[in-house]
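See structure below.
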Amino acid sequence: MATTLTTGTGRGQATPARARQRRRRSIAGHRNWLGGAAGWAWLAIVIVPIYWIIITSFKAQGDYFGANPLAPPTAPTMANYQLVLENGFARYFLNSAVVALGAVIPAVLIAFMAAFAIVRGGSGWFLRSVNSLFLMGLAIPLQATIIPVYLIIIRLHLYDSLLAIILPSIAFAIPLSVLVLSNFVRDVPGELFESMRLDGSSEWGTMWRLAFPLTRPALVTVTIYNGLAIWNGFLLPLVLTQSPEQRTLPLGLWTFQGQYSVNVPAVLASVVLTTLPILILYVIGRRQLLSGLTAGFSK
């Protein structure tokens with residue numbers, strides 16, 4: 001009897017294992033060749049421009065016009081990077097860093113507090129109106145408001161200053177941040193908020209000690225997204241600043257554009273240096289970024 005049960009149990013355990021093996025063989029036998037080819041094609045589309053930018057930044061200006069654009073440099077040179085660093089790159093980099101940090105940090109904090117108030121504040125008409133106002137902000141592009149923003153900055157006597165770029169950047173970064181953070185705050189179980197309330201915690205303490213740590217992936221996501229958008233911003237610095245001392249990195253590329261020609265290798269060397277901070281930021285927070293892009297809309 002014991003032998004029969006053991007044999008039956010062994011057969012019962014072996015059946016799912018055999019089924020899994022058959023499934024694996026079936027999947028291995030039906031490879032998605034079309035999807036793989038499309039993936040390799042897309043990788044080539046992405047890699048080729050990056051490869052061209054990097055190799056061209058190490059070419060002399062004369063070699064760029066007289067050789068194959070995709071051929072590696074025969075005599076690599078760091079002269080382009082030296083030229084970029086000698087023409088105010090450090091100043092432009094500092095201006096971009098001040099604008100990015102000065103806009104992203106307040107925008108993320110304000111958006112987080114607004115998202116917490118919208119989710120935990122009940123269904124009052126005031127919070128519903130505020131939420132609708134933020135959603136309306138997503139439908140208004142920056143280009144449509146540049147003239148009113150310019151007039152406001154002139155009236156505030158902030159023209160040709162970094163603060164003139166920071167304030168509008170904060171305003172345009174808040175709506176999307178509120179939308180993403182609101183979805184994350186809604187995913188926090190209500191029992192955790194209730195237990196914090198029973199322990200005597202205030203709403204302010206609950207927001208910073210419970211909601212803030214649990215929404216870290218969303219905070220990293222909106223920080224990287226807004227930082228990338230503000231770092232690469234061109235229209236606001238172009239319209240709201242004038243002097244070379246207030247230029248950011250996108251405007252700094254104009255330094256290498258002459259009246260009759262463009263120093264393409266120097267421009268691309270500047271592009272490489274401009275991209276490095278964003279690349280480093282992405283490498284540090286890539287896991288939080290991916291989870292923030294997917295988990296917030298799981299419901």
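The values are calculated or read from the model by the stated rules, or taken from the named source; none is laboratory data. Only a predicted model underlies this, so the values are computations on that prediction, with no experimental measurement involved. Using ideal geometry, Cβ is built from the backbone for each residue, glycine included, and neighbour counts are taken over all protein chains shown. What goes into the accessible areas is simple: the full protein's heavy atoms, side chains included, and nothing from ligands, DNA or RNA. Shrake-Rupley method; radii C 1.70, N 1.55, O 1.52, S 1.80 Å.
For this structure, a couple of remarks:
- Ser243 sits with roughly 30 Å² accessible to a 1.4 Å probe, with DNA, RNA and ligands left out of the calculation.
- Exposure ranking of Ser96, Ser195 by accessible area [1.4 Å probe, largest first]: Ser195, Ser96
- Estimated inter-spin distance, Leu228 and Gln143, nm [label 7 Å along Cα→Cβ]: 2.1
- Nearest-0.05 FRET efficiency for Leu133 and Ile105, computed from C-beta distance (R0 25 Å): 0.65
- Put simply, the amide H of Val262, placed in the peptide plane, has no neighbours under 5 Å, leaving out anything fewer than 5 places away on its chain.
- As a calculated quantity, the FRET efficiency between Ala71 and Ile45 at R0 = 25 Å, using C-beta atoms, amounts to about 0.80.
- Once the 1.4 Å probe is applied to the protein heavy atoms, the stretch 70-212 comes out at 56 Å² accessible per residue.
- Calculated SAXS-style log₁₀ I(q)/I(0) at q = 0.19, 0.23, 0.25, 0.26 Å⁻¹ - the stretch 52-126, Debye, Cα scatterers: -0.85, -0.97, -1.04, -1.07
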